[in-house]
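Report on the following structure.
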Amino acid sequence: MADDIHVNPRHGGDEKTPPRRSSATKSATTRYILPLSLLTLLMSVLVASLPRPNLSSLSRLVPTIRTSHRAMTSTTPAPLPALDRTHFNPTLYTSILDAWFADQPPSSLLPTEASSKRWFSNPDKSAAAAFDSSLRTAFLPALTTLLPSRLALPHGTTFAEEVALAPHLAAPFLSDILPASTSPSDVQRAADNALAVVLLLDQIPRNIFRTEQGVIYTHFDLLSRAVVRTLLGQEADKRPDWSAGTRENMARRMWFYLPLMHSEWVEDHEGWTRENEGIAETEENKGFLEFARGFEERHAVIIKRFGRYPYRNEAVGRETTEEERVWIEEGGERFSA
């Protein structure tokens, strides 16, 4: 075994070096090298016989890849046009509040019976039609400037995408509905404007477009949700639903949350619940809050089951599933305009 260890004089005599090969070892090595050389030669021949890549095809593909990359990275939509100030101005916002709250005394913190009939379900059909007509005359010109033919909106295909689009969709309204400062007058002015805008986008289309409901669900509801998401995301001292004239007034405050109830995203219904759980319950508003929570649950149970309101399918051009058809035929609850 001592013959297998050799001293390398360049490293102080303590490094092991390979032993010298005997002639027999060299012959054995040569016998193994020959087949390896032959294998190398065969591989070279094989590689040479393979087809060469079409470089011209690759060069034509590069612009396509670059174009696709630009398309994927250019996802920010173009800014929406500014509001038409011949319609969107303080006079419009005041008119909306005056018309909507005509039967609601400022001192009443809950909807009066007369207000509830006007807003929700008036058994007097002629009175209901007259209210619709008055809203159409007063506010259709403003809504016309926001119709899809004048205002094309990007749509998110997921809840997260829609939330991400909210600042973009709400942008034209922000200078009117967000306070310029935290002064009480600025906050209240913005809160009043914000309430008017939410009513214009979420409620009034339901009175005006009763026979054209698709534009409500696919267009105006998208705008109203974007506006509400933006408003509810403000700092506490700038939230319109928490302003001095609104926080304790359920007849005004509830409108900021109804776009969430109208939504087909289950996350919005969870948001409605969170917002309403934050309302301080009093002896006066307890019954109203219980009714509102029950009303929301009747909406949410449909969304949790189907992921949408089946009775909207025809209006928005969706196919009705067999389960939805059976549910509708068996008297499933409807909350259409």
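The values are calculated or read from the model by the stated rules, or taken from the named source; none is laboratory data. All values derive from a computational prediction rather than experimental measurement. Virtual Cβ from ideal backbone geometry, glycine too; neighbours counted across all protein chains shown.
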(Q) With the structure loaded, tell me whether A236 is among the hydrophobic types (A, V, I, L, M, F, W, C) and in contact with a Phe, Trp or Tyr (Cβ under 7 Å, 6 or more places away or on another chain) or whether it fails that test. (A) yes
Q: Answer yes or no: is there a residue in segment 202-211 that is closer than 26 Å to E290 by Cβ, part of a helix (DSSP H, G or I) and not basic (K, R).
A: yes
Q.
Considering only segment 304-320, I want to know if a residue exists there that is surrounded by 15 or more Cβ atoms within 10 Å (Cβ to Cβ), closer than 23 Å to A196 by Cα, in the same structural domain as S185 (by TED's automatic domain parsing) and among the aromatic types (F, W, Y).
A. no
Q. Within segment 153-211, which residues are surrounded by 14 or more Cβ atoms within 10 Å (Cβ to Cβ) and among the small types (G, A, S)?
A. G156, A166, A170, A171, A190, A191, A194, A196
**Q.** Failed condition for S108, given (1) in a loop (DSSP other than H, G, I, E, B); (2) of a type in the set (S, T, N, Q); (3) farther than 16 Å from M254 by Cα
**A.** (3)
Q: Could you please let me know if A78 is of a type in the set (A, V, I, L, M, F, W, C), closer than 27 Å to A190 by Cα, outside the structural domain of R252 (by TED's automatic domain parsing) and part of a loop (DSSP other than H, G, I, E, B)?
A: yes
Q. Within segment 165-181, is even one residue over 30 Å from A280 (Cα atoms), in the same structural domain as G245 (by TED's automatic domain parsing) and either modelled with pLDDT under 95 or in contact with a Gly (Cβ under 6 Å, 6 or more places away or on another chain) (or both)?
A. yes
Q. Could you list, in sequence order, the residues of segment 235-276 that are outside any helix (DSSP H, G or I) and without any contact (Cβ under 8 Å) to a residue 12 or more places away in the chain?
A. E235, R239, R247
Q: Restricting attention to segment 128-172, report how many residues are more than 18 Å from the chain's Cα centre (by Cα), in a helix (DSSP H, G or I) and not β-branched (V, I, T).
A: 15
